[in-house]
Structures are given as C-alpha cells and as structure tokens.
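Heads up: the structure comes next, in structure tokens.
The values are calculated or read from the model by the stated rules, or taken from the named source; none is laboratory data. This one's a predicted model, so the numbers in the text were calculated from it and none came from an experiment. Reconstructed Cβ throughout: ideal geometry from the backbone, glycine too, with neighbour counts over all protein chains shown.
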Amino acid sequence: MTTSTTGTTETSTRGHCMCGQTRWEFTGAPKWACYCHCDDCRRNCAAPVVAWLGVTRDNFRWTGEPVRTRQSSPGVHRHFCAECGSPMGFEADHYPGGMHLYAASMEDPGQFTPTFHVNYQSRLTWLGPEDDLPKHEGTLLHARPSPGAGPG
Ligand SMILES: [Zn+2]
Ligand SMILES: [Zn+2]
C-alpha cells in the first residue's frame, strides 16, 4: 500500500479536441451521462445527436491551450478549441458549478455509458440503431455498391 502526501487517489478522466491543442481532465465519476436531441446541440456539433457527461466544475480543469468561449444565448457559454474549432464544453448560469463535456472527446469514448435521453421529442426520426439498413465496416468507400449492383 502506498501513501500519498496529497491523499489524492481518485482516478482521472481525460479528453482532447481533434487537433490535440485543447485538453481537459476531471477526477472522480461523472454526475450523469446522457444523449441530447435538442436542435442547439445538434447544430453546435453538426451531429444528429450529442452524447454528454456532466462533471462538477471543482473536479474539472483545462490542461491544454486556452479554449475560446462563445455566449450562445444569455448565460450560456460554449467552449471550443481555438485552433481546430472542436466543441469542447458547455457551462450555463442555470447549471451553477457544473461543466458539461462531450463524450466523444474523451480519450477513450468507448468508456461512456449513457443512461438517459433528453429532448427526445426533438430527435431525428431517421436516427436509430434499430433498422434494417446494411451495416458496413470501414469508410464510405467500402459502402459503395459494386458496379452493376443497382436496382433493377
Ligand atoms: Zn483543437
Ligand atoms: Zn441539447
């Protein structure tokens, strides 16, 4: 058993933007983890749905270059990478002491377990994991039908 002078033994979770300049870290477990289907989140990320995790501001810190921040509506602050523009965080006056982070920016986004949806009424109806469409591995290049395989 090791002794620590700081007493800090909590695990850290880290994340970063697409270019790697903007980085974050928090300790302990997220307070919640969900999907948001609202139009603002969707447009901010240009993604059909956004996966979020909520942490306490006291357990959170930016560790890379300073983020840029845009007030998207009164009291709502959206943080993004100054270099590559990746959305990185959300803070709002109506969520005091909280920092919302994008699950997809985690170092290992696979280590995320969403437990609920919000704004489900705004979901895109074409988005759904349960459908009968072909499932391709790899990129779009692998999803193209072979020549002559069209309908008819
Ligand atoms: Zn970046
Ligand atoms: Zn939203």
Legend entry - Trp32 being away from ligand 2 (no atom under 12 Å from the Cβ) and over 17 Å from Pro96 (Cβ atoms): no
Inset, instruction - Could you tell me whether any residue of region 41-60 is within 14 Å of ligand 1 (Cβ to nearest atom) and surrounded by fewer than 16 Cβ atoms within 10 Å (Cβ to Cβ)? - result: no
Legend entry - Close pairs (8 angstrom Cβ cut-off, 6 or more residues apart or separate chains): among the hydroxyl-bearing types (Ser, Thr, Tyr) in region 30-42, within 8 Å of ligand 2 (Cβ to nearest atom) anywhere: Tyr35/Val50; Tyr35/Trp52; Tyr35/Val118
Inset, instruction - Mind counting the residues in region 91-134 that are within 16 Å of ligand 1 (Cβ to nearest atom) and hydroxyl-bearing (Ser, Thr, Tyr)? - result: 2
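Taking region 35-70 as the region of interest, how many residues are away from ligand 2 (no atom under 16 Å from the Cβ) and either in a strand (DSSP E or B) or under 15 Å from the mean Cα position of the chain (by Cα) (or both)?
7
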Inset, instruction - Those residues that are part of a strand (DSSP E or B), small (Gly, Ala, Ser) and modelled with pLDDT of 95 or more, I need them from region 71-91; list them, please. - result: Gly89
Legend entry - Subset of region 78-110 (residues that are loosely packed, with under 15 Cβ neighbours inside 10 Å and more than 12 Å from the chain's Cα centre (by Cα)): Cys84, Gly85, Asp93, His94, Tyr95, Pro96, Gly97
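Anything in region 11-24 that is free of Cβ contacts under 8 Å to residues at least 60 places away in the same chain and within 16 Å of ligand 1 (Cβ to nearest atom)? List them, or say none. Spell out how you get there, then give the answer.
If we filter region 11-24 for residues that are free of Cβ contacts under 8 Å to residues at least 60 places away in the same chain, which is where we start, we get 11-12, 20, 23.
Selection gives Gly20, Arg23.
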